[in-house]
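We did not get these values from a lab; they are worked out from the coordinates using the rules stated. The structure presented is a predicted model; accordingly, all values stated were derived computationally and were not measured. Every residue, glycine as well, gets a Cβ built from its backbone with ideal geometry; the counts of neighbours run over all protein chains shown.
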Amino acid sequence: MRRLSICVALYLIVFAISGASSRTDPETGRVRVLYVGEVTANDLYRLWLLGEPRFSVSYVTCDIQTMEMRDAKRMCRLYLPRTEEELFEGNDVTIFKDFTPDVLPLKSIGWFQSSIEKGMGIALIEFVFWGGTNDIHKWQALSFYEVFPAKPVINDIPAAAGRTFYDVANEDGPLDLPGIESVPMNGGHHGDMVPRQNTLVEANWRGRGTPAMVTSTYGKGNTLQLGHGWDNIPGSSRVDYRYMIDYIFNQLFYAADLPYPEDLEAVHSVRELFITYQTRKRATIGVLEFVDQFGADTGEIERQLGSIQDNYGEAVSAYMGSQYESARETLEGTLDDLTDLEADMLKAKERALLWVYVVEWTAVTGTMMICGFVVWSLMIRRRLYTEVETTRASKPGYR
């Protein structure tokens, strides 16, 4: 714990020097992200954010593409901050991802606008016209529209019409990533964006020539607007482009006014290991809970998992302190330990299910024996049964 505190303190000092308006949790150094709108349980980007130690993410699912309006409003009532102070003090960055303002209470919209003006960052993902459920014309009618770095145009341009590839305009911005201009980044229909004054176009659409990403500030808060959705990025690009996770993280780093990684390769390799660890840990815990339901002794496995989690904490502290090589080595050892634990889990699962298999085998075998005996008695040992004589009454005069 002392080592972690020292690393977090150093991390905070570095960012305090690099930018006075940088937004992080003063206790942990993490960027506290409030993710609102189009969020699904299997959202790849959501899983990436859960794996990156620099982010602490909370979610409010309120997209009426996937739920009824009443349910979306209910989610907002339950999970959005209850006061403006709670919103501003408890969050560093907000992600608004493709949803209608109708689901939000008007007072909450005002709180978001005021918090951004005071320094909270925001990433507006797919806040353009696409003829769907984000009701962009309703956003344009609100005072919150002043936050937008660009003005959405009410037109409908398919990706094939020159809206597939980026031309990066700012080589020092969030799109300073190897090979990104050769990666298909959009497969959907959207309207154009027109940048406002005093904004910066990070990238244009190759062929179309209109902005794909625009950044600016609103008061003290950094704002970023993306002219398509993260979910519109083709699946092949999400899987094959090595730096897609860094593409997402850089957008949030910009919103939090934090510097991008200087050694991208070192940071990227560690990020991949963190995401791998979190994915495998969730699967391991799922199996552990399953085995526990059958009364298996999971004490030793839980102790091993606790030790692995301690090692993971050491990797986090090293990573937060920019000790990337140390973090990588610790994570690789942690993943090896997790592999051994997974093997033990499978053995525990087999032991826990042994009596289930025995009971099933006994029931099936017993049923087969009973059915076989009945069939044998009826078809083979027919002599056990006497033939029934005719009992039909004879007609008078006949014998």
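Here His228, His268, His137, His190 are placed in order of increasing Cβ neighbour count within 10 Å, fewest first, which gives His137, His268, His228, His190. Extension gain for the segment Asp167 to Arg77, taken as residue separation times 0.36 nm less the Cα-Cα distance, is 28.4 nm to one decimal. Potential lengthening of the chain between Phe290 and Asn155 amounts to 43.5 nm, from the contour at 0.36 nm per residue minus the alpha-carbon distance. Taking a Cβ cut-off of under 13 Å around Tyr218, the surrounding Lys, Arg, Asp and Glu residues balance to a net charge of 0, with basic ones at +1 and acidic ones at -1.
Counted by Cβ distance under 10 Å from Ser56, the other residues give a net charge of 0, where Lys and Arg count +1 and Asp and Glu count -1. Let a ≥ b ≥ c be the square roots of the eigenvalues of the Cα gyration tensor of the stretch 106-175; is it rounded (a/c under 1.5), or, if not, prolate (a/b larger than b/c) or oblate? Cα axes put the stretch 106-175 in the oblate bin.
Projecting the Cα atoms of Thr276, Thr223, Phe253 onto the charge dipole of the stretch 218-369, computed from C-beta unit charges around the Cα centre, puts Thr223 farthest toward the positive end. Full extension of the segment from Val239 to Ser182, taken as 0.36 nm per residue of separation minus the current Cα-Cα distance, would add 19.1 nm. Overall, the anisotropy analysis places the stretch 164-268 in the oblate class: the square-rooted eigenvalues a ≥ b ≥ c of its C-alpha gyration tensor yield a/c not less than 1.5, with a/b not exceeding b/c. Taking 0.692 mPa s as the viscosity and 37 °C as the temperature, the Stokes-Einstein diffusion coefficient of the stretch 194-236 based on its alpha-carbon Kirkwood radius rounds to 285 µm²/s. The share of C-alpha pairs in the stretch 247-289 whose separation exceeds 17 Å stands at 49 percent. Spin-label pair Phe373-Glu146: with each label point 7 Å from Cα along the Cα-Cβ axis, the two points sit 8.8 nm from one another. Placing +1 on the Cβ of every Lys and Arg and -1 on the Cβ of every Asp and Glu, with nothing else charged, gives the stretch 276-336 a dipole about its Cα centre of roughly 240 debye. Across every pair of non-identical alpha carbons in the stretch 84-222, the mean reciprocal distance, once inverted, gives a Kirkwood radius of 15.8 Å.
Each residue in Cys371, Cys76 was given a count of other beta-carbon atoms within 10 angstrom of its own, and listing them fewest first yields Cys371, Cys76. Label separation (Thr365 vs Leu264): 6.4 nm, computed from points 7 Å beyond Cα along the C-beta direction. The alpha carbons of the stretch 2-260 stretch over 55, 43, 37 Å along the principal axes, in descending order. Of interest is the spacing of the C-alpha centroids, which for the stretch 257-290 and the stretch 105-122 amounts to 31 Å.
Prolate is the label for the stretch 267-354. Its Cα gyration tensor axes, ordered a ≥ b ≥ c, give a/c of at least 1.5 and a/b above b/c.
Listed by Cβ neighbour count within 10 Å, with the fewest neighbours leading, Ser377, Ser326, Ser182, Ser108 appear as Ser182, Ser377, Ser326, Ser108. Just grab the label-to-label distance for Ser307 and Lys118, each label 7 Å out from Cα along the Cβ direction, in nm (one decimal). Once both label points are built, they end up 4.8 nm from each other.
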